[in-house]
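The values are calculated or read from the model by the stated rules, or taken from the named source; none is laboratory data. Values in this document were obtained by computation on a predicted structure and should not be read as measured data. Counting neighbours? That spans all protein chains shown, and the Cβs are built from the backbone with ideal geometry, glycine included.
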Amino acid sequence: MVDRSHILSWLTDMDGVLWHEGKAIPGAQELINHWREQGTPHLVLTNNSIYTPRDLSARLKAGGLNVEEGLIYTSAMATADFLNNQQPKGKAYVIGEAGLTQAMYEIGYVITEVRPDFVVLGETRNLSFDNLTKAIRLIDKGARFIATNPDPTGPSEEGPLPATGSVAALITKATGKNPYIVGKPNPMMFRSAMRKIDAHSETTAMIGDRMDTDVVAGIEAGLHTILVRTGISDDAEIAKYPFRPTEILDSVADLL
């Protein structure tokens with residue numbers, strides 16, 4: 001039994017940990033309720049930048065998981081926080097959906113294609129050749145290239161969809177410029193999340209289902225890391241990596 005008595009705050013991934021294919025994973029609501037009743041600081045993290053926290057909260061509720069919008073932290077929000085620190089009240093050309101554009105507006109950014117400071121790429125289902133061309137030309141003219149997350153594909157009921165990482169690779173090929181990626185596995189997203197709930201790495205745990213994003217970022221951020229098997233990681237997947245999480249559990253139900 002691993003000692004968790006020092007853990008005061010929790011970060012948890014959403015997909016594959018609390019949520020899978022439109023439904024709450026058994027034990028997820030009970031864990032959220034336990035944290036809420038105990039007054040334990042916690043945030044639900046996701047690399048998905050399409051939806052606003054309000055949208056995500058409603059989608060989760062429809063599938064049986066009640067998480068307040070204020071407890072959801074997306075890669076779009078982490079990207080906005082990063083840009084707000086880098087260049088407050090700047091300008092950006094944005095390729096993305098409501099989750100990203102709202103986060104940018106909330107920090108006071110102007111979204112424009114006229115001499116932007118940054119080109120910001122997020123998840124989108126409405127990519128066009130025109131969007132891509134503008135982004136490439138603006139980066140060539142000196143705009144700095146930022147991406148919300150590195151995921152090359154995303155899930156759908158019909159199969160994989162091209163995601164932010166794939167589109168970023170196309171822009172990189174055309175410009176020779178790699179984006180700065182804010183979301184997982186960049187530990188910066190975890191540090192930004194901890195600031196939101198006034199948590200410290202020595203007393204915070206991170207629950208995830210992926211070795212290559214959740215666990216490695218948690219280790220690099222100095223967190224107690226917990227891998228659950230309800231997502232994509234099995235023993236064969238775990239064995240591929242030279243690092244290990246602090247704990248491996250079957251599901252979040254084992255934390256109750």
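Some points to look at:
- Some residue of the stretch 233-249 being at pLDDT below 95, within 19 Å of the chain's Cα centre (by Cα), in a loop (DSSP other than H, G, I, E, B) and not assigned by TED's automatic domain parsing to the domain that holds Leu100: yes
- Positions within the stretch 220-254 being surrounded by fewer than 19 Cβ atoms within 10 Å (Cβ to Cβ) and hydrophobic (A, V, I, L, M, F, W, C), in sequence order: Ile232, Ala236, Ile238, Ala239, Phe243, Ile248, Leu249, Ala253
- Meets criteria (in a loop (DSSP other than H, G, I, E, B) and at pLDDT 95 or above) for Lys89: yes
- Within the stretch 202-232, considering residues that are out of contact with any helix residue (DSSP H, G or I) (no Cβ under 7 Å at 6 or more places or on another chain), assigned to a strand (DSSP E or B) and aliphatic (A, V, I, L, M), the one farthest from Thr246 (Cα to Cα): Ala205
- For the stretch 116-141, residues that are closer than 28 Å to Pro187 by Cβ and not β-branched (Val, Ile, Thr) total 7.
- When each of Thr148, Thr172, Thr153 is tested for being among the hydroxyl-bearing types (Ser, Thr, Tyr) and under 20 Å from Ile111 (Cβ atoms), the lone residue that passes is Thr148.
- So Pro53, is it closer than 19 Å to Val17 by Cβ, over 14 Å from the mean Cα position of the chain (by Cα) and not aromatic (Phe, Trp, Tyr): no
- Scanning the stretch 222-232 for residues that are among the hydrophobic types (A, V, I, L, M, F, W, C) and modelled with pLDDT under 95 gives a single hit, Ile232.
- The requirement of being over 30 Å from Leu100 (Cβ atoms) and in contact with an Asp or Glu (Cβ under 6 Å, 6 or more places away or on another chain) is fulfilled somewhere in the stretch 2-12, by at least one residue.
- Boolean, Thr148 is in the same structural domain as Gly96 (by TED's automatic domain parsing) and either within 30 Å of Asp254 (Cβ to Cβ) or under 16 Å from the mean Cα position of the chain (by Cα) (or both): yes
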